Amino acid sequence: MSAILVFVEMAGDGPDRLSAEALGLAGRIAGTSGAEVQAVVVPTAADRDAVEKLAPGLGRYGVTTVHLAGSDRIASYAPAAWGAAVTGVVTGGS
Amino acid sequence: MIALGSEGATEILAHVAARTGLPMAANVVAVDAGDRWRVTRQRWAGSLLEEAWLDGEPRLFTVAAHAVPALEPSGAGQAKVVSVGPSITDGDLRARVVGQDLAAADRVSLSDAKVVVGGGRGMGSAEAFAMLDELAGLLGAAVGVSRVATSLGWRPHTQQIGQTGTRIAPELYIACGISGAIQHIVGAKSAKRILVINTDPDAPIFRRAKYAVIGDVHAVVPAISNEIRRVRGAG
């Protein structure tokens, strides 16, 4: 089965509002294409444990699999590093 | 691959596109996922909708902020979690956030806030924004401003609402001393209700208002804050 991968940012105990919008559009595409919705989350090193506990809850948003692309080297927002982390999931080469 | 419509996520997806050599579309609002994918995306802050073919495998696009409904959680489904170890080089960390200095009013995200208190030229001075900070604090709101308020140096660009600022979609937008230039309106058009406080009854923003107070913000805003405190004190 093909998959639609959604980059998600967490806020509180779930996805932030803009991520929920992206998940909504992904769900509509999945509904017509038969694809499953997966998510990729890039937690900082400090947030990784908390995000790992919350990630299964993305199932309530139709997500089947959450890819946690965290690294001890990602301590804060760094666009190239986050891009590398997401690229790894997209290409399956992480 | 879909990313949310924040500036950061758009930047990240641009990195993914550059690393993979794949095309990317930004600010998408609809997708026709046929044999070829046709996407509808916002241009010029939503003033123009463009239809484009999006090829590549996988297809990369971001969703325009506040242009599609947010998905509400349902059921008790649990997603499988897979930890992956990305390879991060020193070069990937050359540009990174090393600290944040958030004012109290910035602690509520402008793009996510359920209530936004906005101020423009009619505030009259940088100091007058203290009353908006106070009202925002009472309401758990974010503070936003018009371009004029940033151009005059009264407030930082991070608080600017509009075509060259943040797009907001609150339940209530309280616009204080803002005339309503089109560039500001395009950033606030997703607000469900707008309360306008302005001395000029001919200000264009009144045409967008659900509620209107024709009066001086310097008198009306403190009165609202005082009433909130009085009601809460009585409770």
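Using alpha carbons only, how many degrees (0 to 90, rounded to 10) separate the axis of helix A:79-91 from the longest principal axis of chain A? The two axes meet at around 40 degrees. Among the GluC sites (Glu not before Pro) in the range B:127-235, those placed in a DSSP loop whose Cβ has at most 11 other Cβ atoms within 10 Å are B:E127, B:E171.
For the range B:1-65, the normalised intensity computed at q = 0.16, 0.21, 0.28 Å⁻¹ comes to -0.47, -0.80, -1.26 (log10 of I(q)/I(0), Debye sum over alpha carbons, equal scatterers, no solvent).
Between 0 and 90 degrees, rounded to the nearest ten: what's the tilt of helix B:129-139 against the longest Cα principal axis of chain B? Between helix and principal axis, roughly 70 degrees. Counting lysine pairs in chain B that sit 8 or more residues apart in sequence, or on different chains, and whose Cα atoms lie under 29 Å apart gives 5. Seen from B:K114, the other residues with C-beta closer than 10 Å to its C-beta sum to a net charge of 0, counting Lys and Arg as +1 and Asp and Glu as -1.
When every Cα-Cα distance of the range A:39-94 is counted in 10 angstrom steps from zero, the calculated P(r) takes the values 25, 53, 23, 0 percent. Normalising the average separation of contacting C-alpha pairs (under 8 angstrom, six or more residues apart) by the number of residues puts the relative contact order of chain A at 29 percent. For the range B:1-65, the share of DSSP beta bridges that are antiparallel, to the nearest 5, is 70%. Binning the C-alpha pair distances of the protein assembly as shown at 10 Å intervals from 0 yields a P(r) profile of 6, 24, 29, 23, 13, 4, 0 %, listed from the shortest bin outward. Within the protein assembly as shown, antiparallel bridges make up roughly 25 percent of the DSSP beta bridges whose residues both belong there.
Output needed for chain B: three equivalent-ellipsoid semi-axes, defined as square roots of 5 times the C-alpha gyration tensor eigenvalues, in descending order, whole Å.
Working: eigenvalues 277, 88, 68 Å².
Ellipsoid semi-axes (Å, largest first): 37, 21, 18.
Among B:A76, B:A181, B:A33, the largest mean-square fluctuation in a Gaussian network model of chain B (Cα springs under 10 Å) belongs to B:A76.
When the Gaussian network model of chain A links Cα atoms closer than 10 Å, the mean-square fluctuations of A:T65, A:T32, A:T44 top out at A:T32. When the convex hull of its Cα atoms is viewed from all sides, chain A shows a mean projected area of 5.9 nm².
Where only DSSP H runs of four or more residues are counted, chain A gives -12500 deg cm²/dmol as its mean residue ellipticity at 222 nm, each run worth -39500 (n - 2.57).
Percent relative contact order of the range B:1-65, based on C-alpha pairs within less than 8 angstrom and at least six residues apart?
43
Using Cα atoms only, what is the angle between the long axis of helix B:217-234 and the major principal axis of chain B, expressed in degrees (0 to 90) to the nearest 10? Long axis of B:217-234 versus the principal axis of chain B: about 90 degrees. According to the calculation over all Cα-Cα pairs in the range B:70-182, the P(r) per 5 Å bin from zero is 2, 10, 17, 18, 12, 9, 10, 10, 7, 4, 1 %. Summed over qualifying helices (DSSP H, 4 residues or more, each -39500 (n - 2.57)) and divided by its residue number, chain B shows a 222 nm mean residue ellipticity of -7000 deg cm²/dmol.
Taking label positions 7 Å along the Cα-Cβ direction at both B:E57 and B:S190, the computed distance is 3.3 nm, reported to one decimal.
For the range A:12-58, applying the loop criterion from DSSP together with a ceiling of 10 other beta carbons within 10 Å to the trypsin sites (Lys or Arg not before Pro) yields no site.
Extending 7 Å from the Cα toward the beta-carbon at both B:R96 and A:A46 defines two label points whose distance is 1.3 nm.
Computing Rg and the Kirkwood Rh from the Cα coordinates of the range B:106-234 gives a ratio, Rg/Rh, of 0.93.
Alpha carbon centre of the range B:49-112 versus the range A:1-22: separation in Å? The two parts, judged by their Cα centres, are 7 Å apart. Which percent, nearest 5, of DSSP beta bridges in chain A are antiparallel? Approximately 15 percent, going by the DSSP bridge assignments. Summarising the label geometry, the points placed 7 Å from Cα in the beta-carbon direction at A:S76 and B:D35 lie 5.1 nm from one another.
Can you give the relative contact order of the range B:106-234 as a percent, counting alpha carbon pairs under 8 Å and 6+ residues apart?
Rounded, it is 24 percent for the range B:106-234.
For chain A, with a Gaussian network of springs between Cα atoms less than 10 Å apart, report the residue from A:P79, A:P43, A:P15 with the top mean-square fluctuation. Greatest mean-square fluctuation among the candidates belongs to A:P79.
Throughout, read-outs are computed from the coordinates displayed, never taken from laboratory work. Since we're looking at a predicted model, the values are computed, not measured. With ideal geometry, Cβ positions are generated from the backbone for all residues, glycine too; neighbour counts draw on all protein chains shown.
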